[in-house]
Amino acid sequence: MMRRLLLCTAVAIVLGVIAIVGAAIASLNRLDDAYAQWGAADMLVDYMSDHDGDWPSQWADLKPYFDAGGGRVSGWDFNRFTEHVWIDFTANADDLRAASASSDSAPFDVVGSTSIFGPCFGDGPDGMLHRHFNPDAPNPNPPTTATVVSTVPQRGR
């Protein structure tokens with residue numbers, strides 16, 4: 001009886017480790033999804049800037065923006081990009097703007113990865129859009145700046 005319990009426990013541990021390693025590998029393989037989501041948020045902001053704040057109604061509306069910048073993913077064509085990122089094209093920019101005005105974080109979910117393993121940077125594309133709609137909202141991932149100073153004496157100075 002004890003032997004069977006130990007065997008079942010060992011099998012469960014091995015399967016658990018395999019599942020965790022598999023999820024980690026799948027996530028790393030989908031790292032480009034994080035860049036694609038970032039690119040999608042950039043394209044949405046650019047589109048709204050060019051269209052009086054209106055939200056696009058379909059992927060075709062964003063294709064010129066992808067063509068201009070590649071959606072932050074090197075080597076992908078537009079079809080591959082759209083297979084890795086979803087956008088809620090039924091969203092309304094005025095509603096998103098109104099919801100953002102009274103919120104410190106994104107109160108909506110309108111852009112993401114099509115994969116459950118698709119990581120994102122920081123607070124993701126919705127956070128980027130939230131700060132577009134509410135520039136005064138706190139940024140949980142502010143850009144960092146640094147100054148590099150050489151400690152090696154320079155000749156001739």
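The values are calculated or read from the model by the stated rules, or taken from the named source; none is laboratory data. The shown structure was predicted, so the numbers you read here are calculated from the model rather than taken from an experiment. Ideal geometry is used to build each Cβ from the backbone, glycine not excepted, and the neighbour counts take in all protein chains shown. Side chains included, ligands, DNA and RNA excluded: accessible areas come from the protein's heavy atoms. Shrake-Rupley method; radii C 1.70, N 1.55, O 1.52, S 1.80 Å.
Annotations
- For segment 102-109, 3J(HN,Hα) computed residue by residue from phi via the Karplus equation (6.51, -1.76, 1.60; θ = phi - 60°) reads 10, 9, 8, 9, 4, x, 9, 9 Hz, glycine and proline entered as x.
- Close amide H contacts of W86 (hydrogens built in the peptide plane, cut-off under 5 Å, sequence separation of 5 or more or a different chain): G112, S113, T114.
- Lys/Arg +1, Asp/Glu -1 at C-beta; segment 7-133 dipole; positive extreme among G75, V111, F133: G75
- The candidates H130, H51, arranged from most to least accessible area with a 1.4 Å probe in the full protein assembly, appear as H51, H130.
- Area accessible to solvent at T114, 1.4 Å probe radius, in Å²: 70
- Plainly put, segment 34-77 has a radius of gyration that is 0.96 times its Kirkwood radius, both from alpha-carbon atoms, as the Rg/Rh ratio.
- In plain terms, if you count all Cα to Cα distances in segment 7-116 and split them into 5 Å steps from zero, the share in each step is 2, 11, 18, 18, 14, 11, 8, 6, 5, 4, 2, 1, 0 percent.
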